Structure formats: C-alpha cells, structure tokens
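In what follows, a structure is listed as structure tokens, so that the remarks can point back to it.
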Amino acid sequence: MDRPLRTIQQQDIDSLDSEARRFRRQLVAALEEDPIEDGVSHPAERLIEQAFCDDADRARGWLSDALSAISPVRPGTAASLLRCIGRIDYAQTGAWGLGVAADALRHGDPEVRDAAIRALESWGGNDCLVMLRGHHDPEAWLRSYVEQVTLDLSAATP
C-alpha cells in the first residue's frame, strides 16, 4: 500500500528556521569570542564542520544567510567567518565557495576582501586563479597581496 507523501507543515518550516537561527547565534558568538589565528583551529570551524556533516547543502545555505546578515553590520565578524570558510576543503565548497568569495571581493571593507583572497589562496586551482586575476583591489596592500597569490597559484597550477 502506498503512503501519501508527507507534506511540509508550517511547524517543520518553523523548526528549520529555528535551527538556522540557533546555528547563526552560536557561530557569531564563537567568532566574536575568539580571534581567528593562522594555523590554529577555531571553535567556529567545529560548528561549520558539524553542519556540513549533517547536511552540506543546508550548511551552505545557513552560511550564506549568516554572511548576508552580518557582513553589512559586522564586517570583522564576516571576515572571520570567511576565513573559516576558506579552511573548508574546496571539494566541499566548490562553486558555492567561489560565489561567496566573489561577493566578498566586492565588499566595502578591506578586511572582508582580505579574507576572500585568503580563501581563494587556500583553495587554489584554476578557478580561484582566474577570479584573482580579475580582481583589482582599491587598497595597495591588497593589490600587492593579490599579485603575490596570483604568482604563487600560477606556479602551482598546471
């Protein structure tokens, strides 16, 4: 006997929204509590890793929503989140990660753009190289950084 397909109820939607809000609150709290340091694992990374393990597509959506919500009002926190995203393996981020980085490269805050450049550098590969070659940052120090990363990626990319 066939069972009817379960329809999504409002309480299911509310539950998902509640999970997303809880994730965002925990993520922002972790990012604002401890600074991101090079070479040091951050508590926010564990939250992100768990979200990816549970449901990678949902995690990408939650992270996109979190960035959209916090980047206009807390660019430093958004930069920290981008640095965590940049530490995720490119196989997990793929085209979504490139889109996040592209948006961040257009952000008004240089710290956010720096985090995007770091993510692209971390992921490497031709797609990241092409994106960096097309980026002309208004800040001299970031232009210099992009040039160096572009040279490094060019040498490493066949």
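Please treat every number below as a calculation from the coordinates, not as lab data. Everything numeric here is computed off the predicted structure, so don't read it as measured data. Quick reminder, even Gly has a Cβ in these numbers, built from the backbone with ideal geometry, and neighbours come from all protein chains shown.
Points worth noting:
- Expected 222 nm ellipticity per residue - DSSP helices of 4 or more, -39500 (n - 2.57), all of the chain, to 500: -24500 deg cm²/dmol
- GNM top mover of Ala79, Ala66, Ala140 - the chain, alpha-carbon springs below 10 Å: Ala140
- Put the Cα centre of the stretch 134-158 next to the Cα centre of the stretch 36-62 and the gap is 26 Å.
- P(r) tail fraction, the stretch 15-156 - alpha-carbon pairs more than 18 Å apart, %: 53
- Dipole of the chain computed with +1 at Lys/Arg Cβ and -1 at Asp/Glu Cβ about the Cα centre; of Ala44, Ala104, Ser18, farthest Cα towards the positive end is Ser18.
- Student exercise, the chain dipole from Lys, Arg, Asp, Glu Cβ charges, in Debye to nearest 20: 280
- Cα-only radius of gyration and Dmax that characterise the stretch 74-121, units Å: 9.5, 28
- In the stretch 55-158, the trypsin sites (Lys or Arg not before Pro) that fall in loop regions by DSSP, at most 13 other Cβ within 10 Å: Arg106
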